[in-house]
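Heads up, the thing below is written out as structure tokens.
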């Protein structure tokens, strides 16, 4: 039965030593002991024909994470895979096809079954080869926990955008519907702070000033808009906008573009 790593893989026994792993719930480490060899033989007293002395059979290692899973544990897996050059983007926190292929590659290189799922044997091998990722490694491509919403975001329909956590919340009547990682303008072209309104939406917009695409643009202050950025998706925080609020997840911004209406509030705060 699959178990969340935040609860299961807080400490792994390796060669008699205990390796600490971070916790996602902030409650401190939970100590568990995995078998020294999770593929250890599970002896059966009888063969299928009922005769004693049957050869033992191998128990399948427990699956910890698998394609489709999301969350902080997936983010740690991706960060560790990035350390050993099996994945080159993210972490994103979503166990997607790229993560599955990276796990398969890591497993095949070490003679493990290429399942693409992260089981106890795969996880232990990865732990031995990597260090515990810090906050920057975990959130290298964005997606850090969203800051508490500004009080001005708690009523109505609001794009609530925090510069400190570099996140956007789409909120309706005080309830967070969607969150997304965002980046802002540079020191020389800063994103304005304050309370604004969406005054124009342009699905296939191209900047006339910079001759650059701004898909799913939702303008809120002059030429500044919330929009998808392929550059942000590829480079993360290695770049900056010209004042716009860049979103790196195209699926998220496409959904937001459908939901947000002209006149909806935009709050940009630190």
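A single entry from 158, 195, 172 fulfils the requirement of being over 26 Å from residue 90 (Cβ atoms), in contact with a strand residue (DSSP E or B) (Cβ under 6 Å, 6 or more places away or on another chain), crowded, with 21+ Cβ neighbours inside 10 Å and at pLDDT 95 or above: 158. Summed over the stretch 61-108, the residues that are free of Cβ contacts under 8 Å to residues at least 40 places away in the same chain and at negative phi give a count of 22.
Any chance the stretch 73-80 includes a residue that's closer than 26 Å to residue 236 by Cβ, modelled with pLDDT under 90 and touching a strand residue (DSSP E or B) at 6+ places or on another chain (Cβ under 7 Å)? Among the residues of the stretch 73-80, not one is closer than 26 Å to residue 236 by Cβ, modelled with pLDDT under 90 and touching a strand residue (DSSP E or B) at 6+ places or on another chain (Cβ under 7 Å), which makes the answer no. Condition check for residue 70 on (1) farther than 19 Å from residue 233 by Cα; (2) in contact with a strand residue (DSSP E or B) (Cβ under 6 Å, 6 or more places away or on another chain); (3) at pLDDT 55 or above: one failure, at (1).
Table: residues versus (1) surrounded by 20 or more Cβ atoms within 10 Å (Cβ to Cβ); (2) farther than 21 Å from residue 249 by Cα.
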| residue | (1), (2) |
| --- | --- |
| 64 | yes, yes |
| 83 | no, yes |
| 89 | no, no |
| 102 | yes, no |
| 116 | no, yes |
| 129 | no, yes |
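Among the residues making up the stretch 254-270, those that are assigned to a loop (DSSP other than H, G, I, E, B) and surrounded by 13 or more Cβ atoms within 10 Å (Cβ to Cβ) are 260, 264. Taking the stretch 145-223 and the strands (runs of 3 or more DSSP E) fully enclosed by it, the elements with 2 or more residues that are over 30 Å from residue 75 (Cβ atoms) are at 194-197, 200-206, 213-221.
Every condition in (1) free of Cβ contacts under 8 Å to residues at least 60 places away in the same chain; (2) surrounded by 16 or more Cβ atoms within 10 Å (Cβ to Cβ) holds for residue 190 except the one numbered (2).
The values are calculated or read from the model by the stated rules, or taken from the named source; none is laboratory data. Just so you know, these numbers come straight off a predicted model, no measurement behind them. Quick reminder, even Gly has a Cβ in these numbers, built from the backbone with ideal geometry, and neighbours come from all protein chains shown.
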